[in-house]
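Each reported figure results from applying straightforward, stated rules to the coordinates on display, with no laboratory input. Everything quoted here is computed from the prediction, not taken from an experiment. Glycine gets a Cβ as well: all are built from the backbone with ideal geometry, and neighbour counts include every protein chain shown.
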Amino acid sequence: MRPKQTNLLQGTLDLLVLKALGPGELHGLGISRRIEQITQGTFLVKPGSLFPALHRMEEAGWLSSFWGESENSRRAKFYQLTKAGKGQLEVEKEQWMRIAVAMTKALRAT
Amino acid sequence: MGFCSRAWSILRNFFRKQQIESQLDDEIRAYVDMMTDERIAAGMSKSEARRTSLAEFGGITQVKQAVRDQRAGTKLEILWQDARFGWRQLWYSPAFTLAVVATLALGIGANTAIFSIVDAVVLKPLAYPNADRIVQLLLISPHGSNTNTSIPEFHNWQQQTSIFQEVVAYDRTGPGFNISEDLAGDRPEQVHGIHATEGYFRLFGAPVILGRTFTPKEDSPHGGKVVVLSYDLWQRKFGGSQKAIGKQLWLGKDPYTVIGVLGKKFASDPEAEVWIPFQLEHADTDENPFFQVAGLLKPGITLAQANAHMKLAATQFHRVRHEEDSRQSFAVEPLRDSIIGDAGRSLRILWGAVSLVLLISCANVANLLLVRATARRREFAIRSALGAGRWRIVRQLLTESVILSAAGGVSGLVLGFIGVRALLAISPAGLPRIGENGTAVVIDWRVLGFTLAVSLVTGILFGLFPALSTSCSDLNSSLKEAGKRSGTGFRQSKTRSLLVISEVSLALVMLVGSALLIRTSFALSGVNPGFDSHNVLTLEMSLNGERFQKTAGVAQLAREGNQLLRAVAGVESSAAAFWLPIQVIDGLPFQVIGRPLEHGGSRWMSTSPGYLSVFRIPLLRGRDVNDHDVAGSPLVVLINQALANQYFPNENPLGKQIIIGKNMGPELAEDPREIVGVVGDTHNNGLGRHPEPMVIVPLAQVTNGYTESYTDFQPLIWVVRTRSDPHQLIAGVSEQLRIASGGFPVVHVRTMDEVMGRSTSRESFTTLLFAIFGAVALFLASIGIYGIMAYSVAQRTQEIGIRMALGADRGAIRKLVVWQGMRLAMAGVALGIGMAFGLAHLIAGFLFGVHSWDPAAFVSAPLILSSVALLAVWLPATRASKVDPIETLRAE
């Protein structure tokens, strides 16, 4: 049984992708698996949302891509953060923290 | 994302589509493969792993489309697709495309042509650095405003330093100068010159490329004779040499020292080639208004502020001078307005007219597009059934209409360019600011921008209508409806009817306007000007020099010149005067001796003997002036019929004495004159107005004061009646005049017919254009009616077939269609008559000899329009009546 999954909030996907790529380059499936891992299975990113997001972020200049070889030697497209992408990760992280704190406070208020 | 990187992405996506697509395929394949690998590693069978991976991935096509939608330039690509598809659609229906493009080209072309003229004359700022702050100073009286100013007023205005940064006086070029490098120079050239005060060059920001302009000292009385040259004259006379400064140039009989040269681009209004210091005596109390005044407002001073200030200044000015009852006030207006004068109004009216033509074109094209959109309903229904959104279909239709309007715009631009050249070639138009032969009217970025904007707006305007109404329609019903041909949808036909009605009403407005203007020009050409302009040559000569400051000198020149001229073969008679019969503008007061309290005013002109016979002005009573009416002999005067009627209604004016110009200063004071003849009236106030009272005095009998004030400001005009075509005598006559005057050139050599044509050329220009626009409007409206009726008949073939099968005869069918079409036309005509009254009111100022509610125009225009409309519905009606019921019913 999988843990209960949550729908991705608008805008969270970008942050998760940026975060997933923080430690280093990954290919599409790798990103998807890494997100699953760091959210402890809460978010499952489907290719239908992942691919458009990757391409959009690449065109925005946050990601760059190259063709490389996967762990079981398949040719795959790898993504990594650009300098702009690293900056964007910080910006979005901070934004998210603010929202999260505010939401938590709001929900705890009696 | 930076603009550059975005632009780069768009370009890359656009040109490397193949590569990007195949990379996407690879990426997706790798993803699925790796997922499969994972599952195999987890213990699934190979085929099972592949199947579940693909299932989990989801629709590959949808994912790819989702990625594509994220790509930069996708919208551009869709637009490109739409454009290509639209282009193909249009290419496959050339008749439709041609009709639309031609209609638009007419509308847009006419607008481009008129706009390029309006822009050059009205809209463009003057080419001076502070053009928006330069104003003309005006004297306002109950009779209107006037720019002619005298020294005391100028002096007052110069003191209004709280609103003006600079106030300068200049004259309207006067008679021109006979210019030569040395006095012995046999053939001087005549150039236009302006007397200006010292600040003139600063005010207009005139660039000085050599030397300097006047100093304040040079601009005071007896400040010496210096001259500033235009670039062209400098090139012509001195070959552009730096050494020109300090050289002498003879203007008339006086040597002037060249002190400066202005830049090539500086163009004054009026045009001039030499500038001479005015050297006004500020203490002078002479109230003779003989120059113009322009001012440069201080930055931040508005026109309203300036006008309020000037009004106060006027009150003070009159109080100081103890003129308690003076109703004259001061005001300013932008210099541009005063240069444009009343040409702006007629151009704006034309612009309005041409916009109506464009509206009609738009309505027509909208109608054509509606027809087309209806015919394509099925296509759109299928597209939406396949998932195209409403916006996508609207966009497709809009793209097509913008392509059409762009094509129309390009053709219109070409048409407009040719059109405006042709128009200016036919009619010199007498418009200010259009340069020589209209060279200032050019297709520049402003005109291009205007045309582009007009094309886009029309494209969207006429495209949106059909696009929205098509995309609104119910999918189900249009799929069904399109299968059968049973009449047009109700809403569609209502829109189309409204379009046709408005088209017809606008066309009627244009027709009534043209009819009124055409009747005006006939009325004007039917006016007997009171003289015969045929076979008369007119030549202007500037009289420079001491000798012509005195009456005797001018009279002698006139006498000798006329003697020589009459010896030229082919010359019937000749005279010298300062006015032509339609240009007499000076007025002087007079008093009839024996009627102490009566003051009269009349137009005034002086002439050598022969004027009446040159122009064939009838002598009604008494005698003409002759060679014996000279200085020293009894003073005589001729009066015209209008003066006789007004001041001597029941008595014989011959032998009565009048005193002219009383209280006009010592220089103009003269003894009473005896009325020796009464002559026929000439339209001395313009053809459209009643002749005004006028007196004619012998040139040889005026005071030196008169002579001086005329030779300084106006050229002498030689008028010669010839036995045959006057053009053939130009060389001979000019040569004799040069000999008689001791070397003066003659300029502005024109026949009197040309002078007359010029005086009415702006009116003829307006009338011609209005007539052309009226014809275009009529044509477009009839096409519109024909279009809608032909289409409706085609759509209703089945219905007509059934009616016939049920017993309707052909006459009844024809009647039905004709009635339906004419109902639209009639509604348009009724609406149009109402609107035409509004237009007629607007153009009332241009009308002559015809009321603005002229019954002939208001009856003939609807009649013409209705007959053309009838013709336009007759053809489809006839086609409808020829429908074969068997054929139609079988066809279903």
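A few notes on this one:
- Relative exposure of B:LEU619, B:LEU768, judged by other C-beta atoms within 10 Å (fewest first): B:LEU619, B:LEU768
- The angle between the Cα long axis of helix B:551-566 and the longest principal axis of the Cα atoms of chain B comes to about 70 degrees, rounded to the nearest 10.
- Full-extension gain in nm, B:LEU98 to B:SER241, via 0.36 nm per residue minus C-alpha separation: 45.6 nm
- Amide H partners (placed H, <5 Å) of A:ALA76, local residues excluded: A:GLY68, A:GLU69, A:SER70
- Projected label distance in nm at B:SER141 and B:SER724, using a 7 Å step from Cα toward the beta-carbon: 5.0
- In chain A, Rg over Rh equals 1.02, where Rg is the alpha-carbon radius of gyration and Rh the Kirkwood radius from pairwise Cα distances.
- In sequence order, calculated HN-Hα J values of region B:611-620 (Karplus, 6.51, -1.76, 1.60; Hz; x Gly/Pro): 4, 4, 6, 4, 8, 6, 7, x, 8, 8
- Backbone N under 18 Å from the B:LYS253 label point (7 Å along Cα→Cβ), restricted to region B:692-721: B:704-716
- Within a straight-line Cα-Cα reach of under 16 Å, B:LYS247 can be paired with the following aspartates and glutamates, leaving aside sequence neighbours fewer than 8 residues apart in one chain: B:GLU181, B:ASP182.
- Region A:45-54 - phi-based ³J(HN,Hα) in whole Hz, Karplus 6.51/-1.76/1.60, Gly and Pro as x: 8, 8, x, x, 9, 5, 4, x, 5, 4
- In chain B, helical runs assigned H by DSSP with n ≥ 4 each contribute -39500 (n - 2.57); averaged across all residues and rounded to the nearest 500, the mean residue ellipticity at 222 nm is -17500 deg cm²/dmol.
- Per-q log10 I(q)/I(0), chain B, q = 0.05, 0.08, 0.09 Å⁻¹ (Debye; single scatterer per alpha-carbon; no solvent): -0.46, -0.92, -1.05
- Multiplying the residue separation of B:ASP753 and B:ARG810 by 0.36 nm and removing their Cα-Cα distance gives an extension gain of 14.5 nm.
- Region B:254-293 residues near the modelled B:THR161 label - backbone nitrogen below 19 Å, point 7 Å along Cα→Cβ: B:282-283
- Greater than 28 Å apart at Cα, pairs in B:LYS237/B:LYS298; A:LYS46/B:LYS46; B:LYS243/B:LYS264: B:LYS237/B:LYS298
- Modelled spin labels at A:THR12 and B:ASN685, positioned 7 Å past Cα toward Cβ, are 9.0 nm from each other.
- For B:LEU870, neighbours were defined as the other residues whose beta-carbon sits under 13 Å from its Cβ, and their charges (Lys and Arg +1, Asp and Glu -1) total +3.
- B:ASP712/B:GLN563 FRET efficiency (R0 22 Å; Cβ-Cβ; nearest 0.05): 0.25
- Region B:15-29 - phi-based ³J(HN,Hα) in whole Hz, Karplus 6.51/-1.76/1.60, Gly and Pro as x: 8, 10, 4, 3, 4, 5, 5, 6, 5, 4, 4, 4, 4, 5, 4
- Built amide H within the under 5 Å cut-off of B:THR607, gap 5+: B:VAL697, B:LEU699
- The Cα atoms of region B:607-722 cover 35, 33, 30 Å along the three principal axes, with the biggest extent listed first.
- Annotation: amide H of B:VAL636 within the under-5 Å range of B:GLU674, sequence separation 5 or more or interchain, hydrogens built in the peptide plane.
- Relative contact order (percent, whole number), region B:3-72, Cα cutoff 8 Å, 6+ residue spacing: 39
- With Cα atoms defining each centre, region B:232-294 and region B:613-690 are spaced 38 Å apart in the structure.
- FRET efficiency for B:GLN328 and B:GLN657, using Cβ-Cβ distance with R0 set to 41 Å, rounded to 0.05: 0.80
- Ordering B:ILE833, B:ILE593 from the fewest to the most neighbouring beta carbons within 10 Å gives B:ILE593, B:ILE833.
- Nearest-0.05 FRET efficiency for B:ASP532 and B:GLU735, computed from C-beta distance (R0 25 Å): 0.45
- Exposure proxy ranking for A:LYS83, B:LYS64, based on other Cβ atoms within 10 angstrom of each Cβ and starting from the fewest, stands as A:LYS83, B:LYS64.
- Here the Kirkwood formula puts the hydrodynamic radius of the protein assembly as shown at 36.5 Å, using every distinct Cα pair.
- Part-to-part distance (alpha-carbon centres) for region A:46-75 and region B:802-838, which is given in Å: 68
- Nearest 10 degrees, 0 to 90: helix A:12-21 Cα axis against chain A principal axis: 50
- Angle of helix B:74-92 to the longest C-alpha principal axis of chain B, folded into 0 to 90 degrees and rounded to 10: 80°.
- log₁₀ of I(q)/I(0) at q = 0.15, 0.28 Å⁻¹ - region B:3-72, Debye sum with one point per alpha carbon: -0.60, -1.18
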